[in-house]
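Okay, so here's the structure we're looking at.
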Amino acid sequence: MLNRRARAKILFLTPITALLLIMTIFPFVYLILISFTDRAATNPNTKIVWFENYAEIFQDHQFYQSVSITLIITIFSVFLEIFLGLILALSFTNLYRNLWFLRAIVMIPMAAAPVATLFNWRYMLNTSTGVINYIISIFGFSEVGWLDSKTVALTSIILVETWMWTPFVFILLTAALSSIDKNIVEAAQVDGANRFVLAKHIYIPILKPFLIIALVLRILDAAKSFDAIQILTSGGPGYDTASYNFLIYLNGIQYLNFGSAAAQAVILIIVLMIISRRFFNRLVREAVEN
Amino acid sequence: MRKSQNKLDIGIISVFLTWSLIPILWLLGTSLKSELYVDTIPPHWIPNFDLTAYKKILENDAIQKTLTNSLIIAIGSTLLAIFCGSLAGFALGQLVTKRHIEFEFWILSSRLAPPIAIILPLFIGFQYFHLQDTLLALILAHAVMLIGLVTWILIETFRAIPKEIQDACEVDGCNEWQMFIKIMFPLARSSIIGIASLSFLLSWNEFFLSLVLSSSNSLTVQVLLYQSIGYQTFSLSQLAATSVIVLLPTLIVVSVFQKQLIQGLTFGSVKG
């Protein structure tokens, strides 16, 4: 017989457990099950095919292409976000004014509705009527088809992703930097430390754990980014900007090949789980220490 | 020496603010131009402050309907997430003597999972239960997207309330439910309001789940906006006006609930 406290605890945890069971655990189990079948909207007689879907993925050249696109987008955009976010956070901390208003402005790109801002980017990047091509034409450059060919379109996607998510790194790092004892910084400055010495010996060591958090969270999000690709290029031209995540969407939701898309999704989950494990371990350690 | 360093910092930050803001200002400018001026070469840098686009948009039935849908879905999913999340936050932050780390991380992991992995079975499941393209399906899907984050922060919120209050309550003879409703929930109120606003914003802005799960009845304004790009249904200035309307909740949250926004978006790894 449980005591009253334990019963209350179970009762209070019931709604969230029920919601997560119905909406994440069951679907996840179902996903794994259908990944072993040839289920598709066009296929009325579903049968078990075991690992056929998985085997097919690795024979499909589109798999390798989409993985390389995912890697390109993730690596370049996350690198730029961390690099710019770090420089900006250090500049901000050197000035140290009231941050509220500036932070509000800086956060707009990541807090804004992606459809609205991405529509605007698409409109600004338009080859013939876009304002960006007009500006570069003033400087004597010729028209660029920003979303029309593979390399340029990937560059555009990376730049727009960077525009959206640099604020995230920036916010995380400025918040971490604001906890630094000002006396240490002033003492170092009295000893003649310039900005590079300060950054190298005081700021970066303190920021290291936060840089890792930023890195992992950004990689996890960038690897499954969807909105920018869907709205700017819809994966095109052809499949030239279709990331792996986007390919699963096309396969499962657009072409309704449930079985094969489920197998692709299972692989994505496994990879993301491996990446986030280290992060989780770290968070658990910190949580226990507190 | 100090002066010149400051100049560099101010320069860097000005460039960044310009880069962040100009696209938003351009969008705002476009929404205030007459249709003839929106895609000319050379562009009209200064809008002619024509409000026709806003008037047309707000009178449009499809826009009105989708705005209402978005509002219902955002409020519904926020209420559901706050309901489940505050009960769980109270149980895990107050009622336990030592932390249930495993359980807490199970809740958080729902936020880190790729949405495509959940949406595929939900897409099939909702069709099976005839929930496809209903507001309920979208409320449930959005609530699940929010719940990890909401609960994660609420556990911290409830943990910060001194445990002595519990003892005082017990002396007065209240049970756990009364303790939650009468004492703890009101104490956590300001934090809950902040998290609810953040949840509202995230649901309002959400695109991927809505794109997959809604087609006509439950269409959200984000999906309608997306579908209208590249079609002649709305002019460019009308699309821009819709975008500006869609951005209003963002402006409120970044200015009023900045702290919770920062805390929520970074999983509470910084306090904001």
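Just so it is clear, none of the values below were taken in a lab; they were calculated from the coordinates. Because the structure is predicted, anything quoted here is derived from the model rather than measured. Glycine gets a Cβ as well: all are built from the backbone with ideal geometry, and neighbour counts include every protein chain shown.
In deg cm²/dmol, rounded to 500, what helix-only [θ] at 222 nm does chain B give when every DSSP H run of at least 4 residues adds -39500 (n - 2.57) and the total is split over its residues?
-22500 deg cm²/dmol
To the nearest whole number, what is the average tally of beta carbon atoms from other chains within 10 Å of the beta carbons of peptide A:17-26?
The shielding value for this peptide is 6.
Over the whole of B:17-27, what's the average partner chain Cβ count within 10 Å per residue? Rounded to a whole number, please.
That works out to 5 on average.
Placing one identical point scatterer on every Cα of the stretch A:36-188 and ignoring solvent, what is log10 I(q)/I(0) from the Debye formula at q = 0.19, 0.20 Å⁻¹?
Debye curve over Cα of the stretch A:36-188, log10 I(q)/I(0) at q = 0.19, 0.20 Å⁻¹: -1.16, -1.21.
What order do you get for A:136-143, B:68-75, B:124-131, A:115-122 when each peptide is scored by the mean count of other beta carbon atoms within 10 Å, highest first?
Ranking the peptides A:136-143, B:68-75, B:124-131, A:115-122 by packing returns A:115-122, B:68-75, B:124-131, A:136-143.
For a distance above 31 Å, tell me the whole-number percent of Cα pairs in the stretch A:62-289 that qualify.
I get 35 percent for the Cα pairs in the stretch A:62-289 exceeding 31 Å.
Can you order the peptides B:161-168, A:228-235 by their average number of other Cβ atoms within 10 Å per residue, highest first?
A:228-235, B:161-168
Cross-link list B:LYS98/B:LYS163; A:LYS47/A:LYS224; A:LYS9/B:LYS182; A:LYS150/A:LYS224; B:LYS33/B:LYS55: which exceed 21 angstrom alpha carbon to alpha carbon?
With Cα atoms farther than 21 Å apart: A:LYS47/A:LYS224.
Return the Cα extents of the stretch B:187-272 along principal axes one, two and three, sorted largest first, each rounded to a whole Å.
50, 27, 22
For the stretch B:61-233, what is the convex hull (Cα atoms) projected area averaged across all directions, in square nanometres?
Projected area, direction-averaged: 11.7 nm².
Based on the Cβ-Cβ distance of A:THR129 and B:THR18, what FRET efficiency does E = 1/(1 + (r/R0)^6) give at R0 = 30 Å, to the nearest 0.05?
0.85
Going by the alpha-carbon gyration tensor, a ≥ b ≥ c the square roots of its eigenvalues, is the stretch B:1-119 rounded (a/c under 1.5) or, if a/c is not under 1.5, prolate (a/b greater than b/c) versus oblate?
Oblate.
Just to be sure I understand: with springs between alpha-carbon atoms less than 10 Å apart, which residue in B:LEU58, B:LEU224, B:LEU36 has the highest mean-square fluctuation in the Gaussian network model of chain B?
It is B:LEU36.
Quick check: the distance between the Cα centres of the stretch A:180-207 and the stretch A:125-161, to the nearest angstrom?
Between the Cα centre of the stretch A:180-207 and that of the stretch A:125-161, the gap is 41 Å.
Net charge near A:GLY259, counting Lys/Arg +1 and Asp/Glu -1 over other residues with Cβ under 13 Å of its Cβ?
Once all neighbours under 13 Å are counted, the net charge is -1.
Output the relative contact order of the stretch A:62-289, whole-number percent, from Cα pairs under 8 angstrom with separation of 6+ residues.
Across the stretch A:62-289, relative contact order equals 30 percent.
Report, in whole Å, the centroid distance computed from the Cα atoms of the stretch A:25-76 and the stretch B:208-223.
The stretch A:25-76 and the stretch B:208-223 have Cα centres spaced 24 Å from each other.
Can you give the relative contact order of the stretch B:1-112 as a percent, counting alpha carbon pairs under 8 Å and 6+ residues apart?
Relative CO of the stretch B:1-112 lands at 13 percent.
For labels at A:PHE141 and A:PHE196 in the simple 7 Å Cα→Cβ model, what's the distance in nm?
Distance between label points: 3.0 nm.
Hey, what's the Kirkwood Rh for the protein assembly as shown if you take every pair of different alpha carbons, in angstrom?
The answer is 25.3 Å.
In the stretch A:153-205, if every C-alpha pair distance is counted and binned at 5 Å from zero, what percent goes to each bin?
Whole-percent P(r) values from 0 Å outward: 4, 16, 19, 16, 12, 11, 9, 7, 4, 1.
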